[in-house]
Amino acid sequence: MRKFLVVLDDSRECLNAMRFAAMRAAHTGGGVAILSIIPPDEFNHWIGVGDIMRAEARERIEVHYEVFAKWMRDQQNVHPELVIREGEAIVEIMAQINEDPEIGVLVLGAGIDSKGPGPLVTHMTRQSGSLPIPLTIVPGDISKERLEAIT
């Protein structure tokens, strides 16, 4: 089964990327893998404190994921999987793509503020010619109705 890989973070544009991935998966018989990455600099503390912070980060991710997963299950009949990795975002995204042969498309949401589309979109578009899979960039301010029409 082909899976759409989408990155879960705290950005507004993440919502449209999630919607797009779920709708495309529903219409094509595919799946969705939701990747959340814990940056390594969050745990530069004593070992015990770092372990507690890591557990709390995973718990926050799982709660955030469940909001999207419930919508995907209830509205799109898609049952996403959650993948949590620790490290630098680009490195971990590429590692996930390389480790899971079912991933067929990377879906990212583009930011709409004056700073540009965001660091992930900027980096991945620069590398798009050498990516092993297609990259789909979903505009951060596209309406839900427009997403439904194009998926």
query = Which is closer than 21 Å to Val32 by Cβ and touching a helix residue (DSSP H, G or I) at 6+ places or on another chain (Cβ under 8 Å), of Ala95, Ala89?
reply = Ala89
ask   = Residue check, Ser36 against (1) over 21 Å from Pro139 (Cβ atoms); (2) in contact (Cβ under 8 Å) with a residue 12 or more places away in the chain; (3) of a type outside the set (Phe, Trp, Tyr); (4) not in a strand (DSSP E or B), all met but one. Which one?
value = (4)
ask   = Since Ala22 meets every condition but one in (1) farther than 22 Å from Lys144 by Cα; (2) at pLDDT 95 or above, which condition does it not meet?
value = (1)
query = Among the candidates Val78, Val49, which residue alone is touching a helix residue (DSSP H, G or I) at 6+ places or on another chain (Cβ under 9 Å), in a loop (DSSP other than H, G, I, E, B) and more than 21 Å from Asp10 (Cα to Cα)?
reply = Val78
task = Could you list, in sequence order, all residues of the stretch 134-151 that are buried (at least 17 other Cβ atoms within 10 Å of the Cβ) and either without any contact (Cβ under 8 Å) to a residue 40 or more places away in the chain or of a type in the set (A, V, I, L, M, F, W, C) (or both)?
result = Ile137, Val138, Ile142, Leu147
note = If we keep only residues of the stretch 92-119 that are surrounded by 14 or more Cβ atoms within 10 Å (Cβ to Cβ) and farther than 25 Å from Pro40 by Cα, then the residue modelled with the lowest pLDDT is Ile112
note = Within the stretch 81-116, of all residues that are touching a residue at least 60 places away in the same chain (Cβ under 8 Å) and not in a strand (DSSP E or B), the one nearest to the chain's Cα centre (by Cα) is Ile93
query = Does any residue of the stretch 7-26 turn out to be assigned to a strand (DSSP E or B), buried (at least 19 other Cβ atoms within 10 Å of the Cβ) and in contact with a helix residue (DSSP H, G or I) (Cβ under 9 Å, 6 or more places away or on another chain)?
reply = yes
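To keep it simple, each residue is scored yes or no on (1) aromatic (Phe, Trp, Tyr); (2) surrounded by 15 or more Cβ atoms within 10 Å (Cβ to Cβ); (3) touching a residue at least 12 places away in the same chain (Cβ under 8 Å); (4) under 22 Å from Thr28 (Cβ atoms).
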residue: Val78; (1), (2), (3), (4): no, yes, yes, yes
residue: Val121; (1), (2), (3), (4): no, yes, yes, no
residue: Ser128; (1), (2), (3), (4): no, no, no, yes
residue: Pro132; (1), (2), (3), (4): no, no, yes, yes
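The values are calculated or read from the model by the stated rules, or taken from the named source; none is laboratory data. From a predicted model like this one, the values you see are computed outputs, not experimental measurements. Methodologically, a virtual Cβ is constructed for each residue, glycine included, from the backbone with ideal geometry; neighbour enumeration extends over all protein chains shown.
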